[in-house]
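Undergrad: Mind looking over this structure? Questions follow.
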Amino acid sequence: MTDEELNDRFAQMADAVGKIADAQLGTQKQIGLLSDLMQHVIERQEQQEQEIQEIRQRQLHHDEEMEKFHQRQEESDQRFNILLEEIRFLIRQQRPQEDQE
């Protein structure tokens, strides 16, 4: 092989190495973009998980408040029924007196 052929082959090899290096830089840029995208997705997922946890906490608090409300309502209903029974009793007590007069 002549010196000229060796120089041509060396130039071709150098050109190929340069193309490979450019391709590698492009690949590294794409990997960097994918990494940034994945980091954004992870941050967004963590934010959504935190929002879901907050919603669950609010729902739990709401459920507890509703349970307390129902309990107070039941107690109020019981007091009302007792009062109603007392009123009926008093009415029955008054009827005999009215009948006597």
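The values are calculated or read from the model by the stated rules, or taken from the named source; none is laboratory data. Keep in mind that this is a model prediction, so the values were computed, not measured. Every residue, glycine among them, receives a Cβ derived from its backbone with ideal geometry; neighbour counts consider all protein chains shown. What goes into the accessible areas is simple: the full protein's heavy atoms, side chains included, and nothing from ligands, DNA or RNA. Shrake-Rupley method; radii C 1.70, N 1.55, O 1.52, S 1.80 Å.
Undergrad: Using r as the Cβ-Cβ distance of LEU34 and ARG58, and R0 as 41 Å, what FRET efficiency do you calculate, to the nearest 0.05?
TA: The formula returns an efficiency of 0.70 here.
Undergrad: Another question about this same structure. Net charge within 15 Å of ILE82 by Cβ-Cβ distance, Lys/Arg positive one each and Asp/Glu negative one each, not counting ILE82 itself?
TA: For residues surrounding ILE82, the net value is -3.
Undergrad: Separate question: Computed over the Cα atoms of the range 22-92, what is the ratio Rg over Rh, Rh following Kirkwood?
TA: Result: Rg/Rh = 1.71.
Undergrad: Can I ask one more? Please compute the modelled spin-label separation between GLN47 and LYS19, points set 7 Å along Cα→Cβ, answer in nm with one decimal.
TA: Here the modelled spin labels are 4.3 nm apart.
Undergrad: Can I ask one more? How large is the accessible surface per residue of the chain, computed with a 1.4 Å probe and reported in Å² as a whole number?
TA: Working: 9840 Å² over 101 residues.
On a per-residue basis, 97 Å².
Undergrad: A further question follows. Expressed as an acute angle from 0 to 90° and rounded to the nearest 10, what is the orientation of the C-alpha long axis of helix 3-100 relative to the principal long axis of the chain?
TA: 0 degrees
Undergrad: Only four residue types carry charge here, +1 at the Cβ of Lys and Arg and -1 at the Cβ of Asp and Glu. Report the dipole size of the chain about the Cα centre in Debye, rounded to the nearest 20. Before the final figure, lay out the partial values.
TA: Working: 12 positive and 24 negative charges, 59 e Å.
So the magnitude is around 280 debye.
Undergrad: Just want the answer: with Cβ charges of +1 for Lys and Arg and -1 for Asp and Glu, which residue in GLY32, LEU60, ILE20 is farthest toward the dipole's positive end in the chain?
TA: LEU60
Undergrad: Once ligands and nucleic acids are excluded and a 1.4 Å probe is used, how much of ARG56 is accessible, expressed in Å² to the nearest 10?
TA: Surface open to solvent at ARG56 totals about 150 Å².
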